[in-house]
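Taking it in order: structure first as structure tokens, then the write-up.
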Amino acid sequence: MKRILLAIAIIWVGIAFTARNANAQSEEELVQICGMIAGEAQYLKDFRVKLDAGDPPPVQRIPILLKKDVKYRFTVCNSKDFEGKVVLQLFDNNRMLATTYVIGTGKDYPSIDWVCTKTGAYHLFFSFRDGKAGLAVGLLSLVGMM
Amino acid sequence: MKSRFPIVIVAICFLSIALSSCKSCSKDKDNLGEELVIPDSLKWDTPLPMGKPIIDELMQNISSPIETAALIKGLKIPFNKDYMASTKQEESFNTSFDKALALGIYGCDLGYLNMYEKTSFVVDYISVIKRFADDIQVGQFFDFETLKRLATNKENLDSLILISQQSFNRIDSYLRETNRSTLSAVIVAGLWVEGTYLTSRVAQTSNHPRIRETIGEQKTILGFLLPLLKAYSNDPNMSKLITQLEPLKNLFDNVKITYELGEPEMIEVNGELTFIQKDKQLVDMDDVTYKEIISGIQTLRNSLIKL
């Protein structure tokens with residue numbers, strides 16, 4: 001009896017966790033969602049971001065090369081399985097150039113466009129608001145030439 | 001103790017149900033009104049360093065065939081099949097190093113074909129790319145069948161670009177995850193050489209100032225590519241490739257690039273936010289340097305594909 005009950009419990013726990021994982025959003029799904037948000041812009045690259053909760057909020061920094069006269073689109077998608085809402089910021093050395101979250105207005109944007117006038121290395125900073133744990137995907141796509 | 005055992009089992013079951021449904025507790029809290037606290041780690045006074053790990057990361061988009069082809073097409077310059085490496089050259093690439101280099105070269109040409117929607121040539125190029133990818137054990141990341149179907153049926157050409165680009169990104173990630181970053185760097189070198197070669201061919205028929213500037217600004221790109229390749233210079237093939245690139249670097253030393261900084265402008269139209277960079281990039285080189293760079297990149301590329 002004891003063994004049967006133990007076996008049932010193990011199976012039950014297994015089913016419960018499998019069901020949970022089956023509902024979890026994969027990074028690939030997030031890339032697809034981001035692609036839909038990006039619309040007709042041509043996909044160039046995706047960035048997968050997973051950060052633990054922390055104070056100060058942890059940051060994932062990714063260097064990228066951007067080219068002059070290209071209009072880029074940065075799109076972000078949050079996993080529904082985590083509380084954190086991602087913020088993408090574009091930096092050039094120590095200057096913040098663009099962000100998906102404008103503090104002044106408190107508005108969050110799923111995508112922003114960047115008209116680049118200088119070929120060179122830039123840095124993407126991904127963090128989650130209020131230092132919450134999060135999983136997100138950022139997408140870099142090409143809108144067109146200027 | 002014995003009589004409590006079934007209760008413990010039931011408790012475990014309830015706990016597992018609670019855990020499995022717990023994700024709904026964490027969904028969709030709307031914190032839009034709260035201000036973002038910029039992390040301390042984002043505040044610094046000195047420029048960000050560009051060490052090897054950073055350059056390794058940069059490798060992923062040092063040279064995007066889509067951006068090169070979009071630039072050329074954006075200037076209304078007609079497609080020219082003669083600019084591309086012939087698929088008949090396939091036999092010239094024998095070693096893994098050569099095949100990775102070819103993957104970059106033909107990958108760039110595929111981007112050029114896709115951008116101009118020249119689907120009739122695409123199957124030839126994806127077939128060659130697939131064989132090179134298989135030979136260096138990354139063929140599983142190149143979605144040949146889907147690409148072939150899209151090209152043959154002239155279906156959704158945006159998907160053709162998307163899947164091509166994603167295939168190359170996955171190949172790059174896999175090579176780096178499996179400690180074969182050398183090959184990944186070589187692919188990037190191939191992409192850059194072919195992209196610059198295509199631009200140089202266009203430069204011979206177009207005097208558009210943007211093409212001239214694009215040639216000149218390759219100084220910046222090569223400035224990232226060369227240190228990346230040098231990190232793998234213990235490989236004799238890589239060392240040879242670096243030696244072949246050095247004369248070009250010397251030519252680019254005569255190109256002067258200066259910048260005027262400006263504050264980006266933020267514009268919101270119909271809820272869509274656009275940031276417009278106000279920095280200015282000024283590329284200056286004399287005609288002799290320009291012609292020597294064009295000649296130098298063409299000589300290098302032709303020697304790499306063994307023409």
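The values are calculated or read from the model by the stated rules, or taken from the named source; none is laboratory data. Keep in mind it's a predicted model, so treat the numbers as computed, not measured. Positions of Cβ are backbone-derived with ideal geometry, glycine not excepted, and every protein chain shown enters the neighbour counts.
Please return the ranges of helices (runs of 4 or more DSSP H) entirely within the stretch B:150-269 where 3 or more residues are within 26 Å of residue B:115 (Cβ to Cβ) and not aliphatic (A, V, I, L, M).
Working: elements: B:157-177, B:181-203, B:209-216, B:218-230, B:236-252.
Because the criterion is at least 3 residues that are within 26 Å of residue B:115 (Cβ to Cβ) and not aliphatic (A, V, I, L, M), the helices (runs of 4 or more DSSP H) in the stretch B:150-269 that meet it are B:157-177, B:181-203, B:209-216, B:218-230.
Does the stretch A:92-126 hold any residues that are touching a residue at least 40 places away in the same chain (Cβ under 8 Å) and under 19 Å from residue B:220 (Cβ atoms), and which are they?
Step one: filter the stretch A:92-126 for residues touching a residue at least 40 places away in the same chain (Cβ under 8 Å), giving A:110-111, A:113-126.
Within the stretch A:92-126, A:114, A:115, A:116, A:117, A:118, A:119, A:120, A:121, A:122, A:123, A:124 qualify.
In the stretch A:59-76, how many residues are facing another protein chain (nearest Cβ under 9 Å) and within 18 Å of residue A:94 (Cα to Cα)? Don't jump to the end; show me each part of the working.
In the first step, residues of the stretch A:59-76 are kept if they are facing another protein chain (nearest Cβ under 9 Å); the result is A:59, A:61-71.
From the residues that got through so far, the ones that are within 18 Å of residue A:94 (Cα to Cα) too are A:59, A:61-66.
Selection size over the stretch A:59-76: 7.
Find all pairs meeting these conditions: Cβ atoms under 6 angstrom apart; at least six residues apart or on different chains; first residue within the stretch B:146-161 and among the β-branched types (Val, Ile, Thr); second residue in a helix (DSSP H, G or I).
B:146/B:163; B:161/B:114
Evaluate the following for residue A:85: is it at pLDDT 95 or above, within 10 Å of chain B (Cβ to nearest Cβ) and under 13 Å from the mean Cα position of the chain (by Cα)?
On the way: at pLDDT 95 or above: yes; within 10 Å of chain B (Cβ to nearest Cβ): yes; under 13 Å from the mean Cα position of the chain (by Cα): yes.
Considered against the rule, which asks whether it is at pLDDT 95 or above, within 10 Å of chain B (Cβ to nearest Cβ) and under 13 Å from the mean Cα position of the chain (by Cα), residue A:85 comes out as yes.
Among the numbered conditions (1) more than 11 Å from the chain's Cα centre (by Cα); (2) at pLDDT 95 or above, tell me where residue A:136 comes up short.
Every listed condition holds for residue A:136 apart from (1).
List the number of the failed condition for residue B:207; all other conditions in (1) surrounded by fewer than 19 Cβ atoms within 10 Å (Cβ to Cβ); (2) at pLDDT 95 or above hold.
Failing condition for residue B:207: (2).
Filter the stretch A:91-106 down to the residues that are at pLDDT 95 or above and within 7 Å of chain B (Cβ to nearest Cβ), then identify the one that is nearest to the chain's Cα centre (by Cα).
A:101
Under the condition of being within 12 Å of the chain's Cα centre (by Cα) and away from every other protein chain (no Cβ under 12 Å), which residue from the stretch A:35-56 is farthest from residue A:88 (Cα to Cα)?
Applying the filter and picking the extreme gives A:50.
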